[in-house]
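The structure appears below as structure tokens.
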Amino acid sequence: MTVVDAGALAAWVREFARLVHEQRDTLTQLDSAIGDADHGANLDRGMTAAVAALEATPSDDPAAVLKTVATTLIKTVGGASGPLYGTFFLRASGALAGGDGAALAAALRAGYDGVVARGKAERGDKTMLDALGPACDALDEALAAGKALDEALGAAAEAAAQGRDATEPLVARKGRASYLGERSAGHVDPGAASATLLLEAAATALAG
Ligand code: ADP
Ligand code: MG
Ligand code: MG
């Protein structure tokens, strides 16, 4: 069953870009508390460019769609999140084999593993991994239980949001926020908030 084709993935990317644009100020406010107040601007610039790149070079190849997003993010976003989200999409692109829910879950898992390898962080370090990791687990679990993709992606988005909220009390151990030490506690991690938008966009756009 092919539900996750190139068109569906492009719709996911557009929905993520729309959410990032809509929540740009919120993401920047989170980053102003424990970083340098640019996460919303960084990601909005990158995802606006990614949508433009997909429009300029449309493709029927699902892996090519994700790769275009990856290279655009790496090119246009300075800071930690550009290379990390770029790596996420690049690894997901390389791992995508098929157009069903299981193929999507494997691609997202490969993207997550790529961010771990590139950023040398782990869960609990107060980063985007705290949303991405639980989302991958929830997606795998729901699909293994025989849930339809739309329900499974809904569970993944919910797990991401819980992971995001759970970053609030944590002390950051990676990225700029870690420079604050104990003072980073008491704030939600901006990257975990944007990663939740990525999963919410998937639940909306890839519901098939
Ligand atoms: P910068 O911190 O360079 O200004 P952004 O503000 O765009 O970049 O992104 C910050 C986010 O990047 C953090 O909130 C965190 O979620 C994520 N991040 C930073 N370092 C790492 C890392 N080593 N591994 C995973 N995510 C990270
Ligand atoms: Mg920042
Ligand atoms: Mg910065």
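Some points to look at:
- The residue that is surrounded by the most Cβ atoms within 10 Å (Cβ to Cβ), counting only those in region 31-51 that are more than 16 Å from Leu19 (Cα to Cα) and of a type in the set (A, V, I, L, M, F, W, C), is Ile34.
- Filtered residue count, region 22-42, keeping only those that are within 13 Å of ligand 3 (Cβ to nearest atom) and more than 17 Å from Val188 (Cα to Cα): 2
- Annotation note: of Leu153, Leu139, the sole residue that is without any contact (Cβ under 8 Å) to a residue 40 or more places away in the chain, of a type outside the set (Gly, Ala, Ser) and surrounded by 18 or more Cβ atoms within 10 Å (Cβ to Cβ) is Leu139.
- Tally, over region 41-74, of residues that are within 16 Å of ligand 2 (Cβ to nearest atom) and in contact (Cβ under 8 Å) with a residue 24 or more places away in the chain: 7
- Criterion violated by Pro83 - all others in (1) outside any loop (DSSP other than H, G, I, E, B); (2) away from ligand 2 (no atom under 16 Å from the Cβ) satisfied: (2)
- Taking region 116-208 and the helices (runs of 4 or more DSSP H) fully enclosed by it, the elements with 2 or more residues that are away from ligand 1 (no atom under 14 Å from the Cβ) and within 18 Å of Gln23 (Cβ to Cβ) are at 149-165, 190-205.
- Region 55-85, subset surrounded by 21 or more Cβ atoms within 10 Å (Cβ to Cβ) and away from ligand 3 (no atom under 16 Å from the Cβ), residue farthest from Gln23 (Cα to Cα): Pro62
- In region 1-20, the residues that are farther than 22 Å from Ala102 by Cβ reach residues that are assigned to a helix (DSSP H, G or I) and among the charged types (D, E, K, R) with C-beta atoms within less than 7 angstrom, at least six apart or across chains, in these pairs: Leu19/Glu200; Val20/Asp44.
- Test: residue in region 52-63 that is among the aliphatic types (A, V, I, L, M) and assigned to a loop (DSSP other than H, G, I, E, B): no
- Residue among Leu143, Leu149, Leu206, Leu180 that is farther than 17 Å from Asp130 by Cα and within 16 Å of ligand 2 (Cβ to nearest atom): Leu180
Readers should treat all values here as calculations from the given coordinates under stated rules, not as data from a laboratory. Please read these numbers as outputs of a predicted model, since none were measured by experiment. Here Cβ is always computed from backbone atoms with ideal geometry, including for glycine, and neighbour counts include all displayed protein chains.
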